[in-house]
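Working notes, structure below.
Computed from the coordinates by the stated procedures, all read-outs in this text should not be read as laboratory data. Everything quoted here is computed from the prediction, not taken from an experiment. Heads up, the Cβs are rebuilt from the backbone with ideal geometry, glycines too, and the neighbour counts pull from every protein chain shown.
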Amino acid sequence: MVPTRRLAVFAFAATLLSIFAGYVPGLRPALFAFDGALLLGVVIDVLFGLGQGIDVDRETAAIHSVGRPNAVTLRLRSRRGRPMRGMVADDPLEACIATGNPGPFELPGHGQATVRYEVVPSRRGSRELGAVTVRYAGPLGLVGRQERKALRATVDVYPDVHAARALELLRRQGRQDARLGSLRVRGGDTEFERLRPHQRGDEIRHVDWRASARRDDLTVRQFQAESDQNVVFALDVGRGMRGETGGLTAIDHALNAALLTADVALRGGDKAGLMVFDETPRRFVAPTAGRAGGHKLTRAVYALEAGLAATDYRTAMAFLRTQVRARSLCIVFTNLLDPRSAKELASSVKGLLPRHLPLCVLMRDTGVEALAVAPARDVDDLYVRAAAAETLAWRDSLIRSLRNAGVLVLDAKPANLTPELVKGYLDVKARRLL
């Protein structure tokens, strides 16, 4: 049993009355009556609160997405014939931000109520759901009862799976995402697939004028892209991927982009594989087609975290060359911390040519970019701006050297990484670079 605020107010009033009764003896009978009534009310609330009064169940998905709101539903059922009002609280999840927990509820007699809240995980991995605590007042509101029910369950926090589901819904509806553009993997000019209505961005040379005249609507020819090709995602989990942007680490941004691009590739008929590395190759998933390939990738990376080890690009790229013999699009996710690692990355990625087509994905440091253009208020700010500008210039020179060697480079802000990578993959397929 838990005292309520109402009981505290009445107890304070009784204290004041007892003080006045010490100076005015005529108030003592009123004091005794007030104390007796208050004690009787407490006894009534305690007696009516004996036994369990509310049943609680929890409903949530077995898989949550990192960085996304995930719904949790608490269902309450009353065992008593009187209305009840109170608060319900679910034990907090580790590394998650909850909105709406704890939450209020109102239950009619023998009725039901639903309380919903959202959790936004900031880390992937397994999470343990604990107990649910319910607190409600007695019929007089003097004493509250607190009940706690253990609802042990485990949820797995995966990379952003909602994006792939939304993309599939758009694909089935024949629509396109505002950031990704067309969701179709289009081919060149030789393998005709079908006629379709003109969309913004279509080349004028693909317009079928005869079909447009028959349909009285601008119609273009769509060509089938070559399928059954390999796409291998190489994820750096060294210390350079531990930085955070927008509440997510660099490895989380990379995983979200990799899994959504893999989903597009697999549904287009290609195979998707994975390599995880830092100072040594940590994990390898051979390129696999279909839904099985997507499940393998998701299970392999859902608990992946960046460590403190320095990245060895030469060992990782040598391992990749030995494991993947067929020509593949090798997408390397990494972050650069110093010129030595940048030089090693450039020489190692160039070593994938000409057998493979490497695409180096770099995440821009928005903090450094902001420092480079921030107004200078004193001499120290000038030094900071100069250092930031020098860092950006060094990064631009590295990107130019990679591109001059034939390596594809995607340099994007972490928040824009997913749509930019999907567009880059579709562009590679459309230009038949693979």
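The table for this structure:
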quantity	calculated
Summed side-chain charge close to R6 - residues other than R6 whose Cβ falls under 13 Å, Lys, Arg +1, Asp, Glu -1	+1
Student exercise, the chain dipole from Lys, Arg, Asp, Glu Cβ charges, in Debye to nearest 20	1180 debye
Quotient of C-alpha Rg and 2.2 N^0.38 Å, computed over the chain	1.42
For the chain, share of DSSP beta bridges that run antiparallel, in % to the nearest 5	70 percent
Within-11-Å neighbourhood charge of R75 [Cβ basis; K, R +1; D, E -1]	0
Sparse-neighbour loop sites [trypsin sites (Lys or Arg not before Pro); the range 306-374; at most 14 other C-beta within 10 Å; DSSP]	R325, R327, R355
For T334, distant residues with modelled amide H under 5 Å away	V361, M363
The range 47-149: GluC sites (Glu not before Pro) falling in loop per DSSP and having at most 16 other Cβ within 10 Å	E94
Estimated Rh, the range 236-358: Kirkwood, alpha-carbon pairs, angstrom	14.9 Å
Only Lys, Arg (+1) and Asp, Glu (-1) charged, at Cβ; the range 323-381 dipole about Cα centre in debye	740 debye
Over the chain, relative contact order from alpha-carbon pairs under 8 Å, at least 6 apart, %	12 percent
Residue-count net charge about L129 - beta-carbon cut-off 13 Å; Lys, Arg +1, Asp, Glu -1	-3
The chain: DSSP helices with Cα axial extent of at least 24 Å and average Kyte-Doolittle hydropathy no lower than 0.5	5-23, 28-48, 250-267
Where only alpha carbons of the range 337-431 are counted, the Rg and the Dmax (Å)	15.8, 52
Protection-proxy order for peptides 27-34, 252-259, 202-209, each taking the mean of Cβ atoms within 10 Å per residue, highest first	252-259, 27-34, 202-209
